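I have placed the structure first, in the form of structure tokens, so that the comments after it can refer back to it.
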Amino acid sequence: MALLAAACCDKPDRILFVGTYTDGFLALDYNSGEVIAKAAMPNPSFLALEGNKVYAVSEMPDSTASVWTWRWNGNGFEKLGEQPTGLPAQGEDPCYVATDGHYVAVANYSGGTLAMYKLDKRGVVGPLDSLVVSGVGGPDLSRQATPHVHCASFTPDGKHLFFSEFSADAIGSLDITGGISNYHIAANFLADFGPRHLLFDKSGEHFYVIGELSGDVAVFDYAYGKLSPKQVIKADDVDARGAADIHLSPDGKYLYASLRLQNDGIAIFSVAQDGTLTRTGYQLTGPHPRNFLVTEDEVVVACRDNNSIEIYSRDKKTGNLQDTGRRIQVEKPVFVAFGN
């Protein structure tokens, strides 16, 4: 069922999906900022898009936490299913969802688990298949005393899934060939790194991790399910302990990292052919920039605490950003992605 009618009769050039900490996520006409449709659900803080399917987590701190399957028809959303994100006391606050078209992975922050699901023939999330409980070991007793999982990424070769074990300062790994099995630690970080978001480049040969607590970006080489550490470089100059997200430019020449809690903004890095990074710039943003997206000529930033999506122009040659002054007002935006 379409929950909100189209705002106008002209078909938008681009549709922006926006996850929020409210009672639903939105499809917006990117050019006008007008709402096209709203999918009603509690705290849809992160979405994964696959064809005409939208997988959205309901980031709730109790047994109502869940992952929902929606169908997007170009004008509205139809709910196809809903599954809890874990066993009691192990599925709370799902904050990330990813899919490879066969499986869906959900990172449960407060639950401290990674939940795995199979998709049925319709592309709907099925019952919980497996639940991996993360570990602890980090020195920050105010933030790492209990397990937390923050992100999951399918490897480009389709054989593994990596996920951030925030409180254990580690990257967990699952084999997904012929089933979900063989959990092990793929990489360890120096204490107090707090791995948050993960990213492969298009070649599948380089892997990036941002440390929420350290404010560093770690670079790895990837091959045959193995990670080899290559570089650690500072993104956060003020030790705010609030690093959030990372994305590469479409041409792979620049990497961007969002930073919060102090000096909120986007750190800019050039990417060498071997995958290593060089810090080249910094762009201040509105308060609490979380998820963002990068196009050839723009960076679109969800700034939660000023209820605004901010648009920055991007110089393709230098990677630098410039504030366009354009804003799309949305209550508590925390996720942005262009859809079909």
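Only the coordinates and a few stated rules stand behind these numbers; no lab work does. Since the structure is predicted, the reported quantities are computational estimates derived from the model, not experimental observations. Here the Cβ is made from the backbone with ideal geometry for all residues, glycine too, and neighbour counts use every protein chain on show.
Observations on the model:
- Calculated over region 52-100, the projected area of the Cα convex hull averaged across directions stands at 3.7 nm².
- Cα centroid separation - region 275-340 against region 104-162, whole Å: 26
- Orientation-averaged projection of region 56-136 equals 5.3 nm² [convex hull of Cα atoms, one quarter of hull surface area].
- Per the Debye formula on identical point scatterers at the alpha carbon atoms of region 256-318, with no solvent, log10 I(q)/I(0) at q = 0.17 Å⁻¹ is -0.57.
- Cα convex hull, region 170-250: 104 Å³ per residue, rounded to a whole number.
- Remark on residue 337: its backbone amide H falls under 5 Å from those of 17, a criterion applied only to residues 5 or more positions apart or on other chains, H modelled at 1.01 Å from N.
- Cβ-based exposure ranking for 164, 45, in which fewest neighbours within 10 Å come first: 45, 164
- Rg and Dmax over the alpha-carbon atoms of region 1-134 stand at 14.8, 48 Å.
- Filter on 159/230; 202/332; 121/159; 79/316; 121/230 - keep pairs with C-alpha separation over 29 Å: 202/332; 79/316; 121/230
- For the chain, the spread of Cα positions along each principal axis, largest first, Å: 53, 46, 37
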